[in-house]
Amino acid sequence: MSEITPETVQHLAELARIALTDEEIGTLTGQLGAIVDSVAKVAEVATPDVPATSHPIAMANVTRADVPGPTLTTEEALSGAPESDGSRFVVSAILGEEQ
């Protein structure tokens, strides 16, 4: 059984500057106790010979190598733009900001 008491929860709430009702303290006492008990169970089986895992199934990186390739020229990139100033895209101001 966990060592979480209503007094512990009240103390933690005061440290975090959270106002809790007696009902909330009762609920959190049970919930935090369950969490502490679960962590204790995991700690019992997590021995040095058990490797840490972040995923239950082995994962492999499936991305391709980052190899430079041909790129568009400025003219090619701007060719389909509705509006440009010759070297940049021209877009409407957003959030009331004016250029």
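Where a number appears in this text, it was derived from the coordinates with a stated rule and is not lab data. None of the values given here were measured: they were computed from a predicted structure. Quick reminder, even Gly has a Cβ in these numbers, built from the backbone with ideal geometry, and neighbours come from all protein chains shown.
Could you pull out every residue, at least 5 positions away or on a different chain, whose amide H is within less than 5 Å of the one on residue 84? Hs are placed 1.01 Å off N in the peptide plane, and Pro or chain starts have none.
The list, which skips near neighbours in sequence, is 90.
Based only on other Cβ atoms within 10 Å, what is the fewest-to-most ordering of 84, 92? Kindly include the intermediate steps, with their values, before the conclusion.
On the way: 84 16, 92 6.
Exposure proxy ranking, most exposed first: 92, 84.
Anyone know which of 16, 46, 81 comes out most mobile in the 10 Å Cα GNM of the chain?
Evaluated over the chain, the most mobile residue of the options is 81.
With a ≥ b ≥ c the root eigenvalues of the C-alpha gyration tensor of the stretch 6-45, is it rounded (a/c under 1.5), prolate (a/b larger than b/c) or oblate? Walk me through the numbers before you get to the answer.
Working: a/c = 3.84, a/b = 2.20, b/c = 1.74.
It comes out prolate by the Cα gyration axes.
Which whole-number percent gives the relative contact order of the chain, counting Cα pairs below 8 Å spaced six or more residues apart?
Rounded, it is 18 percent for the chain.
For the charge dipole of the stretch 6-45, defined by +1 on Lys and Arg C-beta atoms and -1 on Asp and Glu C-beta atoms about the Cα centroid, which residue among 39, 26, 12 has the Cα displaced farthest towards the positive pole?
39
Using alpha carbon centroids, what distance separates the stretch 26-43 and the stretch 45-70, in Å?
Each part reduced to its Cα centre gives a spacing of 30 Å.
With each run of n ≥ 4 DSSP H residues scored as -39500 (n - 2.57), what mean residue ellipticity at 222 nm is computed for the chain after dividing by its residue count and rounding to the nearest 500 deg cm²/dmol?
-12500 deg cm²/dmol
Pick from 83, 44, 14 the residue whose mean-square fluctuation is largest in a GNM of the chain, springs joining Cα atoms under 10 Å.
Answer for the Gaussian network model of the chain: 83.
If the viscosity is 0.890 mPa s and the temperature 25 °C, what Stokes-Einstein diffusion coefficient in µm²/s follows for the chain when Rh is the Kirkwood radius over Cα pairs?
Here the translational diffusion coefficient equals 117 µm²/s.
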